[in-house]
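A.B. asks: If you scroll down you'll find the structure; I have some questions about it.
The values are calculated or read from the model by the stated rules, or taken from the named source; none is laboratory data. Computed from a predicted structure; not experimentally measured. Backbone-built Cβ (ideal geometry, glycine too); neighbour counts: all protein chains shown.
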Amino acid sequence: MIKVGIIGATGYAGGELVRILTGHKEAEIIWYGSRSYIDKRYADVYQNMFQIVDAKCLDDNMEELADQADVIFTATPQGFCASVLNEEILKKTRIVDLSADYRIKDVAVYEKWYGIEHKSPQFIEEAVYGLCEVNREDIRDARLVANPGCYTTCSILTAYPLAKEGMIDMKTLIVDAKSGTSGAGRGTKLPNLYCEVNENIKAYGVASHRHTPEIEEQLGYAVNEEVVINFTPHLVPMNRGILATEYASLKKDVTYEEVKAVYDKYYQKETFVRVLEKGVCPETKWVEGSNYVDINFQIDPRTNRIIMMGAIDNLVKGAAGQAVQNMNLMFGLPEDEGLKMVPVFP
């Protein structure tokens, strides 16, 4: 059994890690780390775990945990993992970090967009960006995996095949995305209160959202050039889900069949990416509670643009599910172990 430690086990992403790993045949959670709930029973924090998880919450001592765990998930705010990670920890265990601390290779870009000093930049180059469908082979041998962000997972996978094949003009790429409120985390914030969110939709982080450079960097690797995009996120009154609608100019006239063949080339064998049938638009309700990404596209010959659409559950494929998918690769397990959840409806 893989001995798993979770730091940040009582946040939304941490709670999803617990839910998923509880049903994992090859993993055992030995550490429910939570600075806010030390010595409190985990099931008292999340009542859905009553008579399922009997353990108490522990602290966030990574040094001690590294002596006990085969892998540590850090579902923590930006800056935590970077502030405590050292070579001794990495010699003892493997890390899947759900924060942004090791996603961006240029430390100056990270510090600019996140507004904090990076405390362990020496590990940035080693860290593997944990987008399994793109970096699968590198993930297998990694000591440190930077689990992608939720908006970024959806945005990158939706555009990646067409970017990689040079079918779209990357200078024209616009990403318009909507997210449920769980994407903002479990902490109390005035803009996320029920009366503020209900019966409302709003843009935020306009031209300044910190997932922007992550999307640009990863799509830049796909096309081997610098990519600059417009990315606008929106908050919608639902618990879970992200829908990304992306627009770009086509470099040449293409047919539906030609575009579909490109998506199939990259995703036909992927367990968790579902390219939908012609004319079917992705919807968040059809991926809720699952590790699936639903993708489709529509060509607009009138404007010579293509509209690409993707939907994920931000807490699963956008966070905890993808983290477990990474763990499975790192330990030579079937990639879908513990992740065969059918989307929940209604």
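A.B. asks: Checking the condition surrounded by 14 or more Cβ atoms within 10 Å (Cβ to Cβ) and touching a strand residue (DSSP E or B) at 6+ places or on another chain (Cβ under 6 Å), which residue from V324, V262, V273, V254 passes?
C.D. replies: Going through V324, V262, V273, V254 in turn, the sole match is V273.
A.B. asks: F73 versus (1) outside any strand (DSSP E or B); (2) surrounded by 14 or more Cβ atoms within 10 Å (Cβ to Cβ); (3) hydrophobic (A, V, I, L, M, F, W, C): which is the lone unmet condition?
C.D. replies: All conditions pass for F73, except number (1).
A.B. asks: Do you know which of the residues in segment 224-237 that are of a type in the set (A, V, I, L, M, F, W, C) and surrounded by 16 or more Cβ atoms within 10 Å (Cβ to Cβ) is nearest to D176 (Cα to Cα)?
C.D. replies: To start, the set of residues in segment 224-237 that are of a type in the set (A, V, I, L, M, F, W, C) comprises 227-229, 231, 235-236.
Checking the rest, the ones that are also surrounded by 16 or more Cβ atoms within 10 Å (Cβ to Cβ) come to 227, 229, 231, 235-236.
Numbers: V227: 16, I229: 11, F231: 6, L235: 11, V236: 13 Å.
In this case the residue turns out to be F231.
A.B. asks: Can you pull out the residues in segment 205-222 that are β-branched (V, I, T) and loosely packed, with under 15 Cβ neighbours inside 10 Å?
C.D. replies: The one that is β-branched (V, I, T) and loosely packed, with under 15 Cβ neighbours inside 10 Å: V206.
A.B. asks: Turning to a different aspect of this structure: Just checking, how many residues over segment 294-333 are of a type in the set (F, W, Y) and part of a loop (DSSP other than H, G, I, E, B)?
C.D. replies: Counting residues in segment 294-333 that are of a type in the set (F, W, Y) and part of a loop (DSSP other than H, G, I, E, B) gives 1.
A.B. asks: Continuing with this model, one more query. Name the single residue that is surrounded by the fewest Cβ atoms within 10 Å (Cβ to Cβ) among those in segment 175-204 being under 16 Å from S155 (Cα atoms) and touching a His at 6+ places or on another chain (Cβ under 9 Å).
C.D. replies: D176
A.B. asks: Tell me yes or no: at least one residue of segment 33-54 is among the acidic types (D, E) and free of Cβ contacts under 8 Å to residues at least 12 places away in the same chain.
C.D. replies: yes
A.B. asks: Shifting gears a bit: Find the residue count for segment 8-46, including only residues that are aliphatic (A, V, I, L, M) and under 17 Å from the mean Cα position of the chain (by Cα).
C.D. replies: Let us first name the residues in segment 8-46 that are aliphatic (A, V, I, L, M), namely 9, 13, 17-18, 20-21, 27, 29-30, 38, 43, 45.
Okay, now just the ones that are also under 17 Å from the mean Cα position of the chain (by Cα), so 9, 13, 17-18, 20-21.
Residues flagged as aliphatic (A, V, I, L, M) and under 17 Å from the mean Cα position of the chain (by Cα) within segment 8-46 amount to 6.
A.B. asks: I've got another one for you. Return the residues of segment 68-95 that are touching a Lys or Arg at 6+ places or on another chain (Cβ under 6 Å) and farther than 25 Å from A184 by Cα; say none if nothing qualifies. Break it down stepwise before answering.
C.D. replies: Let us first name the residues in segment 68-95 that are touching a Lys or Arg at 6+ places or on another chain (Cβ under 6 Å), namely 69-71, 82-83, 90, 94.
Once the filter is applied, which keeps residues that are touching a Lys or Arg at 6+ places or on another chain (Cβ under 6 Å) and farther than 25 Å from A184 by Cα, segment 68-95 yields A69, D70, V71, L90, R94.
A.B. asks: Please verify whether I89 is part of a loop (DSSP other than H, G, I, E, B) and either at pLDDT 95 or above or not assigned by TED's automatic domain parsing to the domain that holds N224 (or both), treating the condition exactly as stated.
C.D. replies: No, not satisfied.
A.B. asks: Follow-up. Quick check on this structure: which one of A100, A108 is small (G, A, S), assigned to a loop (DSSP other than H, G, I, E, B) and modelled with pLDDT of 95 or more?
C.D. replies: Numbers: A108 fails: assigned to a loop (DSSP other than H, G, I, E, B).
Of A100, A108, the one residue that is small (G, A, S), assigned to a loop (DSSP other than H, G, I, E, B) and modelled with pLDDT of 95 or more is A100.
The rows are residues; the columns are (1) modelled with pLDDT under 95; (2) in the same structural domain as L250 (by TED's automatic domain parsing); (3) in a loop (DSSP other than H, G, I, E, B).
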{"residue": "Y160", "(1), (2), (3)": "no, yes, no"}
{"residue": "D176", "(1), (2), (3)": "no, yes, no"}
{"residue": "P191", "(1), (2), (3)": "yes, yes, no"}
{"residue": "A207", "(1), (2), (3)": "no, yes, yes"}
{"residue": "E214", "(1), (2), (3)": "no, yes, no"}
{"residue": "A222", "(1), (2), (3)": "no, yes, no"}
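A.B. asks: Quick check on segment 98-105. Is at least one of its residues of a type in the set (S, T, N, Q) and touching a residue at least 24 places away in the same chain (Cβ under 8 Å)?
C.D. replies: yes
A.B. asks: In addition: Any chance segment 193-201 includes a residue that's more than 25 Å from Q78 (Cβ to Cβ) and in contact with a helix residue (DSSP H, G or I) (Cβ under 7 Å, 6 or more places away or on another chain)?
C.D. replies: Among the residues of segment 193-201, not one is more than 25 Å from Q78 (Cβ to Cβ) and in contact with a helix residue (DSSP H, G or I) (Cβ under 7 Å, 6 or more places away or on another chain), which makes the answer no.
A.B. asks: Return the residues of segment 10-56 that are among the charged types (D, E, K, R), in a helix (DSSP H, G or I) and modelled with pLDDT of 95 or more; say none if nothing qualifies.
C.D. replies: Residues satisfying the conditions are E16, R19, D44.
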